[in-house]
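Taking it in order: structure first as structure tokens, then the write-up.
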Amino acid sequence: MEKSRRTFIRQASIASAGVMLAKTSFSAKSYNRIIGANDRVRVGVVGFSDRHRSSHIPSFMNHYKELNFEVVAVSDIWNKRREEGAAIWKGKMQNDVKAYRNNEELYGSKSIDAVFISTADFQHARHAIEAVKAGCDVYVEKPFAETMEDARAALKAIKETGKIVQIGSQRRSGANYHAADDFIKSGKFGPITMVELTWNVNQPGRWRRPELLNVLKEKDTDWKRFIMNRPYEPFDPRKYLEFRLFWPFSSGLAGQWMSHQIDTVHWFSGLKHPRSVVANGGIYMWKDGRRNWDTLMAAFDYGPLDDPSTGFQVTFGSRMHNGDENPAEIYYSNGGELNLITNKISPRGGLTEKMAAAMGMKANLLPEISLKDTEHVVASANTGGDILTSNHVRNWMECVRSRKQPNAPVEAGYSHSIANIMTNAAVHTGYKATFDESTQEVMANGKVFKF
């Protein structure tokens, strides 16, 4: 494990400097179509979204020639985005890119080996199921799932098919995050006692698409296909284009932002989900018809399920009406802090030698060091081909060839989904949320949480 992690960090730093990495070996045990070392991997796009346009495209373009990939198809139920996507990718690839009205047509064409999925939040898990059952490897954006029913079904399908699935939690492809994980797991940090997560912005138009609301017509898309397994609501272009603002099509702050940060807690601690969550939220500023909160505070209890006497607390706070676009992740121990804003480990706030001596204890002060290969987290709405996403897309492409597990496998998505759903349960019911291991259900007030 240590050797593979060190290898990744070295490769990530080389990639960020623009140096070509050696191709990995390939075995096709779980592939329907055997891809040789010189065969091209054919990629389809499921949902030509803003995220795909702004970040997947430039990230893919950084690596596709070297790794011998090409995009050959776009599936989108809205004709405008379907046609735009096919035209843009045709220009990028300089080859024919076919446009499909839906995923049945896409997978029925038998023309692809892998897909990018960047559809609406609540659709990710179901679209991942379709993809792996059609024999495709998958890069799927987070949040992985917003209901436990969808999460369980997707986990089962992915494990049964053995397909390569990368969850879009790009922090897992950051060399500084790998260095932080190494340091914590080395034991030098000491037991984690507290984690503070914050993600604050001040953008009145965040997740709004006013310029498109009058463009989208029901006849130009497939509304029933869009809402999938959510309760039926009449066609509404806001819920289609601005889904992040409307429960149950998205959980907003929890699914969009918290899922990134809580994933690092699971990764660094080795814990799969919180023991409990309490949360509160509200719409305090943007009275624009949204159903999801513009402000959220959540507190998590983490630790071994069989030992409530040990563990740590995590807090997540997010507001959309005052913020500087600098997400914060600070880990605390009795010896100091690991700060992923500054990318420094320091004895700040730790037990001093004088205090320890007075209590007959030995101080566990942390050394002040910088995490290597610092890679900045981009928090703006459109991140472009930022280094974390570029590394993450490359890692997925390499794993499609090598058949090795990617940096953010399906289990990572399943875990962050549990934490997200527990947060939603706490906010929507007003009760402490817990997780039933035997049924794999989120519970609140003794009942299974349903939207």
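The values are calculated or read from the model by the stated rules, or taken from the named source; none is laboratory data. Since the structure is predicted, the reported quantities are computational estimates derived from the model, not experimental observations. Because the Cβ atoms are built from the backbone with ideal geometry, glycine has one as well, and the counts that use them run over all protein chains shown. Heads up: the accessible areas ignore ligands, DNA and RNA and are worked out on the full protein's heavy atoms, side chains in. Shrake-Rupley method; radii C 1.70, N 1.55, O 1.52, S 1.80 Å.
What the table shows:
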read-out	value
Volume per residue that the Cα convex hull of region 158-197 spans, once the total is divided by residue count, Å³	135 Å³
D_trans [Stokes-Einstein, Kirkwood Rh over alpha-carbon pairs] for region 207-276, 37 °C, 0.692 mPa s, µm² s⁻¹	229 µm²/s
Local electrostatic count, Asp301, Cβ distance below 12 Å [Lys/Arg +1, Asp/Glu -1]	+2
Charge-dipole axis of the chain as Lys and Arg at +1 and Asp and Glu at -1 on Cβ define it, positive-most pick from Leu271, Trp207, Val410	Val410
Among the listed pairs Lys185/Lys447; Lys185/Lys344; Lys142/Lys404, those beyond 25 Å (Cα-Cα)	Lys185/Lys447
Where GluC sites (Glu not before Pro) fall in DSSP loop in region 252-339, at most 15 other Cβ within 10 Å	Glu325
Within the chain: Cβ-based charge dipole about Cα centre, in debye rounded to nearest 20 (Lys, Arg +1; Asp, Glu -1)	760 debye
For region 227-363: Kirkwood Rh in Å [reciprocal of mean 1/r, alpha carbons]	18.0 Å
Under 10 Å, Cβ to Cβ, from Arg290 - net charge with Lys/Arg +1 and Asp/Glu -1	+2
The chain - mean residue ellipticity at 222 nm from DSSP helices (-39,500 (n - 2.57) per run, n ≥ 4, rounded to 500)	-9500 deg cm²/dmol
Accessible-area value, Ser370, 1.4 Å probe, nucleic acids and ligands omitted, Å²	80 Å²
Loop-located trypsin sites (Lys or Arg not before Pro) in region 100-204 whose Cβ has at most 14 other Cβ within 10 Å (DSSP)	Lys110
Coil-residue trypsin sites (Lys or Arg not before Pro) of region 217-273, DSSP, other Cβ within 10 Å capped at 12	Lys217
Per residue, in Å², the accessible surface of the chain once ligands and nucleic acids are set aside, probe 1.4 Å	42 Å²
Whole-percent carbon and sulfur share, accessible surface of the chain, 1.4 Å	52 percent
Scaled radius of gyration (Cα, divided by 2.2 N^0.38 Å) that region 69-200 gives	1.31
Cα-based Rg and Dmax for region 143-236, where Dmax is the largest Cα-Cα distance (Å)	20.5, 60
Stokes-Einstein D for the chain, Kirkwood Rh over Cα pairs, 4 °C, 1.567 mPa s (µm²/s)	57 µm²/s
Listed residues Glu242, Glu84 arranged by accessible area, highest first, probe 1.4 Å	Glu84, Glu242
DSSP H segments from the chain that extend 24 Å or more along their own axis, Cα-based, with Kyte-Doolittle mean of -1.0 or above	410-429
Rg in Å to one decimal, and Dmax rounded to a whole Å, for region 379-451 via C-alpha atoms	17.2, 47
Antiparallel DSSP beta bridges within the chain, as percent of all bridges there, nearest 5	60 percent
